[in-house]
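Colleague: Structure in structure tokens, see below.
The values are calculated or read from the model by the stated rules, or taken from the named source; none is laboratory data. None of these values were measured; they are calculated from a predicted model. No Cβ is skipped: glycine too gets one built from the backbone with ideal geometry, and neighbour counts run over all protein chains shown. In case anyone asks, the SASA skips ligands and DNA or RNA and just uses the protein heavy atoms, side chains included. Shrake-Rupley method; radii C 1.70, N 1.55, O 1.52, S 1.80 Å.
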Amino acid sequence: LHSTSRRQRQMCIRDSKYVMKRIMTGLVGIVLLISIIVIAVTAEGDKRIENDGSESQEKLVTIGFSQVGAESDWRTANSIYIKQTFTPERGYDLLFEDAKQKQSNQIMAIRRFIQQEVDYIVFSPVVESGWDTVLEEAKRAGIPVIVIDRKVSVRDTGLYTAWIGSNFYLEGQKACKVLNHYVEENQIPEVNIVNIQGTLGATSQIGRTNALEDAADKYGWNLLAQESGEYTEAKAYEVMTKMLKEYEDINFVYCENDNEAFGAIDAIRDAGKTVGPGGDIQIISFDATQEGLRRMRNGEILIDAECNPEHGYYVEKVMEQIEDKELLQKEWNVPEEVFANIPENYEIMLGGKRYTIQAITEDIVKQREY
């Protein structure tokens, strides 16, 4: 009886161990299963986060933008408007490159944009010629190219999608028409004018210079000298100083942007002469930046023809039309005005159209954003 009880106890112990072993095996299996589920869920979550990030990035329209540089107040304003338009919040990834006034830098930047497979290439060319090869590369890559401000001169205009900018010749025509009006009103017997040109070969320089040359022929002005001020204050100061030494009877200076006008004004004053109405020399300028208009208000500049830097809005419109496959026009001219140091507004006629010449006021200066 005693031995029987002992065997029963051994069997019970053996059975208990077996049961415990089965329970432990089951628990291990459950723990492993839970671990696998947690890892899978975590991995799926990480993957979903990754996908969400990449999908969000893919939704951004990538724009490669090559700017000429930062040689003037106008150029700085132009860059600001581009950056304000093409932000991540508005659905864009803007790759901004400063060419520092070198065409070679722009060509390299455009090639980088092509390698990066951007959606659009936008650039303001330093000069008009020398773009055929790199634009052919962009076309082969299927990337639309939008040119702003200055134009390009290429064998095939199909190498770029659209151009957006100013009618620089018309700007010059307006300025010269206002100048002639001033000369006649004040009965100035002789116009001895010098031309501080912009960067030679740039569309703006070509248009504004041509307008002055045509006006000089038409109105009988004496165009004494022409030299590039490279759109900078320092170079314009140098050029104006030299011209003042060569010509004693200068009474008008035609500067092809505001920064050149500022340099010319400093040179004239340093030479012991005065500027502005009633002064020795009158200044004609372009851009109509806030500082240019302020100086006009202060009597330093006679005429300032606006060059509108707000190209971002129009670039976006062109891109929308490209997406909709209905590009309405190849060339887009931005709206512009002309300001003068005069008592009140008046109108001029050019090419059968009327243009208002605005008398500069303090409100106009304050409202100018660039």
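Colleague: Considering only residues that are buried (at least 22 other Cβ atoms within 10 Å of the Cβ) and hydroxyl-bearing (Ser, Thr, Tyr), which ones fall in the stretch 162-177?
Modeller: Within the stretch 162-177, Ser166 is the sole residue that qualifies.
Colleague: Does the stretch 202-222 contain any residue that is out of contact with any Phe, Trp or Tyr (no Cβ under 9 Å at 6 or more places or on another chain), under 24 Å from Val315 (Cα atoms) and open to solvent by less than 50 Å² (accessible area, probe 1.4 Å)?
Modeller: Looking through the stretch 202-222, none of the residues is out of contact with any Phe, Trp or Tyr (no Cβ under 9 Å at 6 or more places or on another chain), under 24 Å from Val315 (Cα atoms) and open to solvent by less than 50 Å² (accessible area, probe 1.4 Å).
Colleague: Also, quick follow-up: Out of the stretch 223-232, which residues are open to solvent by 20 Å² or more (accessible area, probe 1.4 Å) and on the phi > 0 side of the Ramachandran plot?
Modeller: Glu230 - this is the single residue of the stretch 223-232 that is open to solvent by 20 Å² or more (accessible area, probe 1.4 Å) and on the phi > 0 side of the Ramachandran plot.
Colleague: So which residues in the stretch 240-268 are among the aliphatic types (A, V, I, L, M) and free of Cβ contacts under 8 Å to residues at least 24 places away in the same chain, if there are any at all? Quick ask: steps written out before the conclusion?
Modeller: Filtering the stretch 240-268 down to residues among the aliphatic types (A, V, I, L, M) leaves 240, 243-244, 250, 253, 261, 264-265, 267-268.
The answer is none; no residue qualifies.
Colleague: I'd like to check which helices (runs of 4 or more DSSP H) are fully inside the stretch 228-340 and have at least 1 residues that are touching a Cys at 6+ places or on another chain (Cβ under 9 Å) and at pLDDT 95 or above. Break it down stepwise before answering.
Modeller: Numbers: elements: 233-246, 258-270, 290-297, 312-323.
Ranges flagged: 233-246, 258-270.
Colleague: From the residues in the stretch 241-259 that are within 22 Å of Gly69 (Cβ to Cβ) and not polar (S, T, N, Q), which one is surrounded by the fewest Cβ atoms within 10 Å (Cβ to Cβ)?
Modeller: Looking at the filtered set, the residue picked out is Asp258.
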